[in-house]
Ligand SMILES: [Zn+2]
C-alpha cells in the first residue's frame, strides 16, 4: 500500500477547524495508525512544550475510570465472597439450612 494515497488535501495546521468535509474525515479514518500518531504529535508540538509532561489529562481520566468501574468491582467481589462462604449474595444471610431461596430477602439460591 502506498502512502501517497493517504496524503492530506490540506497542510496540517494547528488552528482548530470546523469546516471538515466528509471526504477529509473519511481520509483521516483511512490513515494508518502510525501516521495519525505522527500528525497528532506534530500538532501537539506546535502548541505545547514537547518535553513537558501534562499529567492533568492523565489523572482525571484514571480517576473517572475508577469512579465508574469501582462500584461494580466492589459489588461483584462482595457477592463472589458471600457465595463462596455459603451466604446469600444479595443480603449476606447464612444459607446453610435453606434450600431454594434466601429466608431473609427471598433471592434465589444458585445451584451449588
Ligand atoms: Zn438474601
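Among the residues of the range 79-90, the one identified as touching a strand residue (DSSP E or B) at 6+ places or on another chain (Cβ under 9 Å) and assigned to a helix (DSSP H, G or I) is 81.
Restricting to the range 91-102, and then to whatever is near the ligand (Cβ under 10 Å from one of its atoms) and touching a strand residue (DSSP E or B) at 6+ places or on another chain (Cβ under 9 Å), can you tell me which residue is nearest to residue 78 (Cα to Cα)?
To start, the set of residues in the range 91-102 that are near the ligand (Cβ under 10 Å from one of its atoms) comprises 91-95, 98, 101-102.
Then drop every residue that is not touching a strand residue (DSSP E or B) at 6+ places or on another chain (Cβ under 9 Å), which leaves 93-95, 101-102.
Details: 93: 13, 94: 15, 95: 16, 101: 19, 102: 17 Å.
It comes out as 93.
Take residue 68 and tell me if it is in the same structural domain as residue 111 (by TED's automatic domain parsing), within 24 Å of the chain's Cα centre (by Cα) and exposed (fewer than 10 other Cβ atoms within 10 Å of the Cβ).
Working: in the same structural domain as residue 111 (by TED's automatic domain parsing): yes; within 24 Å of the chain's Cα centre (by Cα): yes; exposed (fewer than 10 other Cβ atoms within 10 Å of the Cβ): yes.
Spelling it out, residue 68 is indeed in the same structural domain as residue 111 (by TED's automatic domain parsing), within 24 Å of the chain's Cα centre (by Cα) and exposed (fewer than 10 other Cβ atoms within 10 Å of the Cβ).
Residue 35 fulfils the conditions (1) surrounded by 10 or more Cβ atoms within 10 Å (Cβ to Cβ); (2) assigned to a loop (DSSP other than H, G, I, E, B) except for a single criterion, (2).
The values are calculated or read from the model by the stated rules, or taken from the named source; none is laboratory data. Since the model is a prediction, treat every value here as computed from it, not as a measurement. Heads up, the Cβs are rebuilt from the backbone with ideal geometry, glycines too, and the neighbour counts pull from every protein chain shown.
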